[in-house]
Amino acid sequence: MKRVLSLVLVLVLVLGAIVPAFAEETVSQATTDLQTYGVIANTDEATPLTRAQMAVLYSRLQGKGTEAEAHALPTTLTDLKEGAWYIPWVSYVAEQGWMVGSDNKFRPDDNVSAQEVKVLLLKALGYFTEWDNVTADAEAAGITLTTADASLPLRGEVFTAVRAILDMPMKDATDTLGTTLALTDYVAPAPATV
């Protein structure tokens, strides 16, 4: 009996070490791909994603990264720190109506929630949703965002979801988001055969 129990404990320890290693590899590969494609520059996976960082990511998923980065129009948002790196990005997405704040505040340093990420992933694929329907609409579109804490998704968790939607077709189209954006070194998956 002791041998069986010892064997079970060894298996639990070994499998417990293997599963997280595979999960970490998935996140790392997604991050590497997004960096190669020019979707992200900073590969930090372990910190929460802020609204300012999401503005950059979303601009790039709309194919407007260069335009957003060069955006120089003044903004009516009152909570942007003078000279902050994110001002052109935040000002651009706010002007486009892609991300909004309230009371003339964008809250660039606030972390995004999983629901906010899902809204922007849906929008990137051409879907529009109501706040109360986000989770159901994301599931219906095949969007998966796996997080340890839905109120505080980590950058690596978001990168995994973003990498996945690059291989998904745009709404009412056959081209994938990655193909539509003409990303550097992106190769669309081969169509499934029946």
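The values are calculated or read from the model by the stated rules, or taken from the named source; none is laboratory data. Since the structure is predicted, the reported quantities are computational estimates derived from the model, not experimental observations. Here the Cβ positions follow ideal geometry from the backbone for every residue, glycine too, while neighbour counts run over all protein chains shown. For accessibility, only protein heavy atoms count, side chains too; no ligands or nucleic acids. Shrake-Rupley method; radii C 1.70, N 1.55, O 1.52, S 1.80 Å.
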- Note on the structure: Scalar couplings 3J(HN,Hα) for region 76-92 by Karplus 6.51 cos²θ - 1.76 cosθ + 1.60 (θ = phi - 60°), nearest whole Hz, x for Gly and Pro, are 8, 5, 9, 10, 8, 6, 4, x, 5, 4, 8, 3, x, 5, 5, 4, 5
- Over the Cα atoms of region 112-194, Rg to Rh with Kirkwood Rh, two decimal places? 0.98
- Interchain or long-range residues, amide H under 5 Å from THR129's placed H: none
- Message: Just to verify a number: what accessible area does ILE143 come out at with the full protein assembly present, 1.4 Å probe, Å² rounded to tens?
- Response: 10
- Any idea what % of Cα-Cα pairs in region 52-194 are farther than 18 Å? 58
- Item | Interchain or long-range residues, amide H under 5 Å from MET168's placed H | LEU177, GLY178
- Note on the structure: Scalar couplings 3J(HN,Hα) for region 156-166 by Karplus 6.51 cos²θ - 1.76 cosθ + 1.60 (θ = phi - 60°), nearest whole Hz, x for Gly and Pro, are x, 5, 5, 4, 4, 5, 5, 4, 5, 6, 4
- Task: Determine the distance separating the Cα centre of region 129-194 from the Cα centre of region 51-76; give it in Å without decimals.
- Result: 20
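If each residue of separation counts as 0.36 nm, what is the full-extension length gain between ALA72 and ALA188 once their alpha-carbon separation is subtracted?
Here the answer is 38.3 nm.
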- Loop sites in region 77-143: chymotrypsin sites (Phe, Trp or Tyr not before Pro), DSSP, at most 16 other Cβ within 10 Å: TRP85, PHE128
- Note on the structure: HN-Hα couplings for region 136-152 via Karplus (6.51, -1.76, 1.60; θ = phi - 60°), in whole Hz with x for Gly/Pro, come out as 5, 5, 5, 4, 5, 7, x, 7, 10, 10, 9, 10, 6, 9, 4, 7, 8
- Reported to the nearest 10 Å², THR47 has, with a 1.4 Å probe, an accessible area equal to 50
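Mind checking region 112-194 for GluC sites (Glu not before Pro) that DSSP puts in a loop (not H, G, I, E or B) and that have at most 12 other Cβ atoms within 10 Å?
Taking region 112-194 and a limit of 12 other Cβ atoms within 10 Å, the loop GluC sites (Glu not before Pro) found are GLU130.
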